[in-house]
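Notes follow the structure.
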Amino acid sequence: GKGQYEHFMLKEIFSQPTSLKKTIEGRIDSGAEPALEDIDASTLADVERVRLVGSGTSYHAALFGAALLNQSGVSARAIRASEYDVNTGDPEPNTLFVAVTQSGETADTLGALRRAKRNGIDTIAVTNVVQSTAARIAETPLYIRAGPEIGVAATKTFSSQAVMLTLLSQVVADAADGASTVDDVERLMTDLERLPESVEEVLASSDAEAVATHYLGKDAFFFIGRGIGCSVAKEGALKFKEITYEHAEGFASGELKHGPLALVTEDTPIVAVCTRSGERTVKNAMEAQTRGAPIVAVAPAGHEAVSEADAHLSVPDVHPVCRSLLANVQLQLLSYHCAATLGRAIDKPRNLAKSVTVE
Ligand code: M6R
């Protein structure tokens, strides 16, 4: 049941310290290379490029994974499952296909996975459901072990997928290239191991409810971020529209000035995910602020975005990749509190189903 929580979504947000512990268990060994059971790293030695495919939130996890693989020195692309057959030629040999699907039953994603198999390339399914269709089709299922997710809005499974893909990215980079080129990989691994505690910290101290009530009733919410932060911004916007029924969009920070800026007014808060120092996102957010838009900085205390912003959602000062995951937890809470204040059907939003089994 929901226990002390009013909604499954809130329960699932608060269970992330536990679900992340399960995802990580036995897979990280204090600072060393991650170890993934079921994958024989030697089979990854020939991987030259990775295609990550998913739908909705799982597509955003795929974007997260692709950004990280590219930073780690492995060429990668995230593709929306529903666009896979129209927008993608047959893969070259030495391509690794990764299906990202919580349920393992999403028709669009299964269609892409089947096609990849027909093409004879190696397939992995990152999924939450043991023996799901995706797990059975793919050569290698990688289970995120997040436990059942009841709320239609994916929360803990996104976090676990992103962590799983972070681990996978390092295993692939090590096997294919000999070493990952991601910044400060040792800190990444130690901070990933401590991520459950960091999430606990965010959950205990979040100002998301106050920010939600302060800005509710505005025309639209724009979420911006760059690189990995862009995948978090897009996920933040999807969650927001899904459960609040309010208008929200997620953009790459630098794209704001190429069109969406025309929509910006004092009634369009900009939620800026700033997880690296010296980020251009700050400048992009300030361009919107000049047009009257309030800025909510999702950043560590002391980040240059914070002094410029109108409101702040804090993330612990950990490795930038982990900050992004923690920023996402803040955005989950922001959406949740907006939807709760509006009295929405949070666990079963109108028109949506937990698992979409039609194309
Ligand atoms: O089960 P899957 O991860 O394949 O589901 C994919 C999407 O349908 C799903 O993530 C959807 O976008 C969620 N309702 C988002 O909260």
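Summary of values
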| quantity | calculated |
| --- | --- |
| Residue in the stretch 52-75 that is farthest from residue 172 (Cα to Cα), counting only those that are assigned to a strand (DSSP E or B) and within 16 Å of the ligand (Cβ to nearest atom) | 54 |
| Residue identified as in contact with a Cys (Cβ under 9 Å, 6 or more places away or on another chain) and not β-branched (Val, Ile, Thr) among 76, 67 | 67 |
| Evaluation of residue 308 against (1) touching a helix residue (DSSP H, G or I) at 6+ places or on another chain (Cβ under 7 Å); (2) at pLDDT 95 or above (one fails), failing number | (2) |
| Total residues in the stretch 316-356, condition in contact (Cβ under 8 Å) with a residue 24 or more places away in the chain and part of a loop (DSSP other than H, G, I, E, B) | 15 |
| Lone qualifier among 290, 268, 275, 213 - being away from the ligand (no atom under 16 Å from the Cβ), of a type outside the set (Phe, Trp, Tyr) and free of Cβ contacts under 8 Å to residues at least 12 places away in the same chain | 290 |
| Filter result for residue 78 (under 21 Å from residue 232 (Cα atoms), within 22 Å of the chain's Cα centre (by Cα) and within 16 Å of the ligand (Cβ to nearest atom)) | yes |
| Among the candidates 348, 283, residue that is among the basic types (Lys, Arg) and within 21 Å of residue 10 (Cα to Cα) | 348 |
| Those strands (runs of 3 or more DSSP E) lying entirely in the stretch 205-298 with at least 3 residues within 19 Å of the chain's Cα centre (by Cα) and crowded, with 24+ Cβ neighbours inside 10 Å | 221-225, 270-273 |
| Some residue of the stretch 18-33 being more than 14 Å from the ligand (Cβ to nearest atom), touching a strand residue (DSSP E or B) at 6+ places or on another chain (Cβ under 6 Å) and modelled with pLDDT under 95 | no |
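The rows are residues; the columns are (1) within 22 Å of residue 155 (Cβ to Cβ); (2) surrounded by 20 or more Cβ atoms within 10 Å (Cβ to Cβ); (3) under 15 Å from the mean Cα position of the chain (by Cα).
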position: 66; (1), (2), (3): yes, yes, yes
position: 86; (1), (2), (3): no, no, no
position: 94; (1), (2), (3): no, no, no
position: 97; (1), (2), (3): no, yes, no
position: 106; (1), (2), (3): yes, yes, no
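One line per residue, one yes/no per condition, for (1) in contact with a Cys (Cβ under 7 Å, 6 or more places away or on another chain); (2) more than 25 Å from residue 22 (Cβ to Cβ); (3) modelled with pLDDT under 95:
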{"position": "90", "(1), (2), (3)": "no, yes, yes"}
{"position": "104", "(1), (2), (3)": "no, no, no"}
{"position": "111", "(1), (2), (3)": "no, yes, no"}
{"position": "136", "(1), (2), (3)": "no, no, no"}
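The values are calculated or read from the model by the stated rules, or taken from the named source; none is laboratory data. Worth saying up front: this structure is predicted, and the values here are computed from it rather than measured. Every residue, glycine as well, gets a Cβ built from its backbone with ideal geometry; the counts of neighbours run over all protein chains shown.
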